[in-house]
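Note sheet for the following structure.
The values are calculated or read from the model by the stated rules, or taken from the named source; none is laboratory data. Please read all numbers here as calculations on a predicted model, not as lab measurements. Neighbour counts run over all protein chains shown; Cβ positions are idealised from the backbone, glycine included. With ligands, DNA and RNA removed, areas are computed over all heavy atoms of the protein, side chains included. Shrake-Rupley method; radii C 1.70, N 1.55, O 1.52, S 1.80 Å.
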Amino acid sequence: MCYVMRSAFGGGVSVARQRIGMLRRSTVVSVVALVLATGAFAVALTAAADGRGSGRDLSGRLVPEAAAVDSLLRMFSAQQATLRKAVTSGDAQEVTEFDAEGAALRQDRAVAGALARGDQPMTTRIGVTTRAYQAWATRVAAPQVADLRRGDTAAARALQADLQLATPAVLAVRVAGLTLQAEITGEQRTLSGRLDRSYDTLLGALITLFVLIAAIAVGIIVAVRRGLLRPFRELHRSVAAVADGSYGTSIPVIGPAELSDLSRGVERMRTRLVAALDERERAQESLRGLFDLAPDAMLAAAPDGTIMMANVKAVEVYGYTAEELIGRKVKTLLPREWRAGLAEVSKSYLGDRDARPDGREIKSAGLRRDGTTFPCEVRLSWLPTDQGTLVVSAIRDVTERLAMEAERERLRVAGEQERLHQRLQQSRRLESLGQLVGGVAHDFNNLLSVIAGYADFAAERLTSLSREDDRIEPVLADIEQARAAAQAAIRITRQLLTFSRSEEDHREVLDVAEVVTTAGQLLRRSLGEQIDLVISTEPGLWPVEADRGQLEQVLVNVALNARDAMPGGGQLTIETSNADVDGAYADQRPSIEPGRYCRLAVSDTGTGMDAATIERVFEPFFSTKPRGRGTGLGLATVYGIVTGLGGTVDIYSKKGFGTTVTVLLPATGPEHAAVADADAGGQAEAGVEALSGQGETILLVEDEESLRVMTARILTRNGYKVCAAAGGADAVRQSANPAQHIDLLVTDMVMPGMLGIEVVARVHAARPRLPALFISGYAQQVLDFHGIPALNHDILQKPFTEAVLLSRVRRALNRSAAAARK
């Protein structure tokens, strides 16, 4: 279209003009073409309207006027001839015809007048002709007609022969009529000329409009061909070259502004594509470098199992060269018994993307070139490449690790056996000591009975004598002191007999809650007002079979020890509850079997004990009290009574925080028989399987190494990942690492340096939504006494079984997941 403008305006377009956009140029040319077309169309319409007006005037007025004037002149000639004929023949009949022609002539004159109405020149001409006719009719025709009607033919002929009279009148009529005809003819010629000019103008405008349209069409074709098609072909060739891989081909910036902008955009895209490809090549080189430097054997395989890439470690592990590995099927690197499993994993991994075990370890085995096999762990992931998506396998040879784990397990078993052996030796020593003490105490008890009896006899006789002799009173007082010492010695020997299990007991089925409640009334008086005694019993407590006196003695001994540990006063809490003991818990305590137990826990807020003291508290005659204030038989007696009933005793204590003594006594009754206990143990094991983890990471905080190692082992072997921390500061440091994923915080409540509640608060500063599970050997009342309020988090009481630990961990994780979904 720009070329049409050049031809129309007769000038070239400058280089700057060529930079004008195609849209702008098209708009300008379209506007110019529209103006020209509008002008030509307006001229055509004007010419058509003028021609239509001239034609209407010619056909509607002048032609009828010319006909009427011609009829008027013919009728005048006919009347003149009729008059001449009538005068010549003298026939009166001709006069009648003359009158009829006169009437017709008047009618034609009226028609001509009506047609000329509004046309003053024509009306004037008709009036002149009419007056000339009337003058002829009055001066020439009327006298001759009058003579003929009188029958005077001669007179009529004489008048007719008077040419001086008739000729001027006739000539006047003829001249007026011819003049009228000439004027009508001239006006007709004028209108015909105007009509011809209008038609010529209309034809010229139409031709001009057609030529303009043709020129615009040609200009558009030329403009599209030169301004669009040619640059577009150049652009297409360049883009096709780039698409075919010739990324160095530059995109030419040609054509109008729109196409030039498109070319520049494509060129920028090509430049960025080249940069991206270069970056991708560098990334692939880096990936290849990392692939080769990976410490594990790495294989990248197509979905059909064909190996496409293998790193240096894979060559070293399998014994093939890189060229031999590439193109080989992955299944050839597995023993035959593992290939079916590979097919199942491949089908699951490739079929369901959501079910793909990304990042999870798959236990497998590898087959080397020399035919030897090795255990391995495989991790699968996806790698998008130009050849499609590859399945990348990271294979780790775990031969050494399994050997180390086996050795560690061997050492652990050896350690466990050593600890069991030590416990057995200690039990044997205690048993031997108990037998010795039992024999000595039995004989000593007999002697004390004799001493006490004779002291009673002496006191009885001296009492009657004291009424007669005042000097006997001091002797009675001395005897009373001897009697009190004998009774104290008897109580000690009874404890020795109980410890050695030499004293006969009277067992019966007891409700521990009732025994505790009853004993609590006596303990309140023995503890003193400075000790606050709190008793908490669980409803539906399982009964036990025990000697009531021995059970009360257990409570009294533990409570009095707790009282002595709180010289300034404090709080003593006695709790009872039911407990299921599983196989894992029983394995750590050879003195008990899996089953159902009644749990009796006595907690104080006293001075607490260190680890060395806890190791010896059950030894006979061991005491931390000042000399003369304790026999060292209290907890040893408790140990003897509880183990004699088939139970166990655990002590949880922190220096400066208090102590908790936990006693487990086997439940009794038909519903708690050994068979039922075995079934319960099996159900507990099944429950452990149902509570196994799914790879969740647990941050475990425990200052006691043995308990930390045991808890971590339970969690690890049940599907959890454990990050262990020996204290609060270590836990806070690990939680502050954003790269460390943590699903649950499990922390001891009472630790040196930082309490568990403070650990949770500081961890929540970095991970506010992290759930927490507390572990504590103390009752909540003891925690309240030390200023630790009741918490919304769950508290797991020590000691705990594997099933209970897994159950509380799973409950904490499920609560967290449910809260996250809300």
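Can you bin region 205-282 into rounded, prolate or oblate? Criterion: square roots of the alpha carbon gyration tensor eigenvalues sorted a ≥ b ≥ c, rounded for a/c under 1.5, prolate for a/b above b/c, oblate for the rest. Don't jump to the answer; show the numbers that get you there.
Details: a/c = 6.55, a/b = 3.93, b/c = 1.67.
Cα axes put region 205-282 in the prolate bin.
Quick one: accessible surface of Tyr318, probe radius 1.4 Å, all protein chains present, in square angstrom to the nearest 10.
The value for Tyr318 is about 10 Å².
Relative to the present Cα-Cα distance, how much length would full extension add between Val35 and Ala761 at 0.36 nm per residue of separation?
Details: separation 726, 0.36 × 726 = 261.36 nm, distance 8.35 nm.
Taking 0.36 nm per residue and subtracting the Cα distance, the gain is 253.0 nm.
Once label points are set 7 Å from the Cα along Cα→Cβ at both Arg230 and Arg713, what is their separation, rounded to one decimal in nm?
Each label point is offset 7 Å from its Cα along the Cβ direction, giving 9.0 nm.
Starting from the Cα of Ala275, step 7 Å along the direction of its Cβ; do the same at Thr249; then give the gap between the two resulting points in nm.
Result for the modelled spin labels: 2.3 nm.
Under a point spin-label approximation (7 Å from Cα along Cα-to-Cβ), what is the Ala217-Gln422 distance to one decimal in nm?
11.2 nm
Can you give me the relative contact order of region 536-625 as a percent, contacts being Cα pairs under 8 Å and 6 or more apart? Please list the in-between numbers first.
On the way: 94 pairs, mean separation 28.4, N = 90.
Here the relative contact order equals 32 percent.
Which order do the peptides 274-282, 593-601 come out in when sorted by mean C-beta neighbours inside 10 angstrom, highest first? Don't jump to the answer; show the numbers that get you there.
Numbers: 274-282: 11.0, 593-601: 22.8.
Put in order of decreasing packing, that is 593-601, 274-282.
Once you list every other residue whose beta carbon is under 10 Å from the beta carbon of Val515, what net charge do they have if Lys and Arg are +1 and Asp and Glu are -1? Display every interim value, and only then the final one.
Working: positive: Arg548; negative: Asp511, Glu514, Glu552.
Once positives and negatives cancel, what remains is -2.
At a 10 angstrom cut-off on C-beta neighbours, averaged per residue, how do the peptides 409-418, 523-532 rank from highest to lowest?
So the order, starting with the most tightly packed, is 523-532, 409-418.
I need the peptides 604-611, 96-103 ranked by packing, meaning the mean over residues of other C-beta atoms within 10 angstrom, with the highest value on top. Working shown, then result.
Numbers: 604-611: 19.8, 96-103: 15.2.
Highest to lowest by the protection proxy: 604-611, 96-103.
Please list, in order, the residues from region 698-717 whose amide nitrogen is less than 19 Å from a point placed 7 Å along the Cα→Cβ vector of Glu405.
698, 709-717
In nm, what is the difference between 0.36 nm times the number of residues separating Glu285 and Arg74 and their Cα-Cα distance? All intermediate terms of the calculation are to be shown ahead of the outcome.
Details: separation 211, 0.36 × 211 = 75.96 nm, distance 11.84 nm.
Separation in residues times 0.36 nm, less the Cα-Cα distance, equals 64.1 nm.
Taking the Cβ of Asp794 as the center, what net charge do the other residues with Cβ under 9 Å away carry, scoring Lys and Arg +1 and Asp and Glu -1?
Values: positive: Arg808, Arg811, Arg815; negative: none.
Neighbour charge sum, excluding Asp794 itself: +3.
Mind checking the full-extension length gain between Arg268 and Glu460? Use 0.36 nm per residue of separation minus the Cα-Cα distance, one decimal, nm.
56.8 nm
Take the Cβ-Cβ distance between Asp304 and Ser706 as r, set R0 to 60 Å, and report the resulting FRET efficiency rounded to the nearest 0.05. Provide the component values of the computation, followed by the final result.
Numbers: r = 53 Å, r/R0 = 0.88.
Plugging the Cβ-Cβ distance into 1/(1 + (r/R0)^6) gives 0.70.
With Cβ to Cβ distances under 13 Å as the rule, what net charge do the other residues near Ala172 carry (K, R +1; D, E -1)? Don't jump to the answer; show the numbers that get you there.
On the way: positive: Arg131, Arg139, Arg174; negative: none.
Taking every other residue near Ala172 into account, the sum is +3.
Residue by residue through region 810-818, what is 3J(HN,Hα) from phi via Karplus (6.51 cos²θ - 1.76 cosθ + 1.60, θ = phi - 60°)? Round to whole Hz and write x for glycine and proline.
Each residue of region 810-818 in turn: 5, 5, 5, 5, 5, 4, 5, 5, 5 Hz.
How high is the FRET efficiency between Lys329 and Asn737 when r is their beta carbon distance and R₀ equals 35 Å, given to the nearest 0.05?
0.25
Can you give the FRET efficiency to the nearest 0.05 for Ala110 and Arg131, using r as the Cβ-Cβ distance and R₀ = 22 Å?
Details: r = 15 Å, r/R0 = 0.68.
Once the sixth-power term is evaluated, E becomes 0.90.
What Rg and what Dmax come out for region 257-329 when only alpha-carbon atoms are used, in angstroms?
For region 257-329, the Cα radius of gyration and maximum Cα-Cα distance read 19.5, 64 Å.
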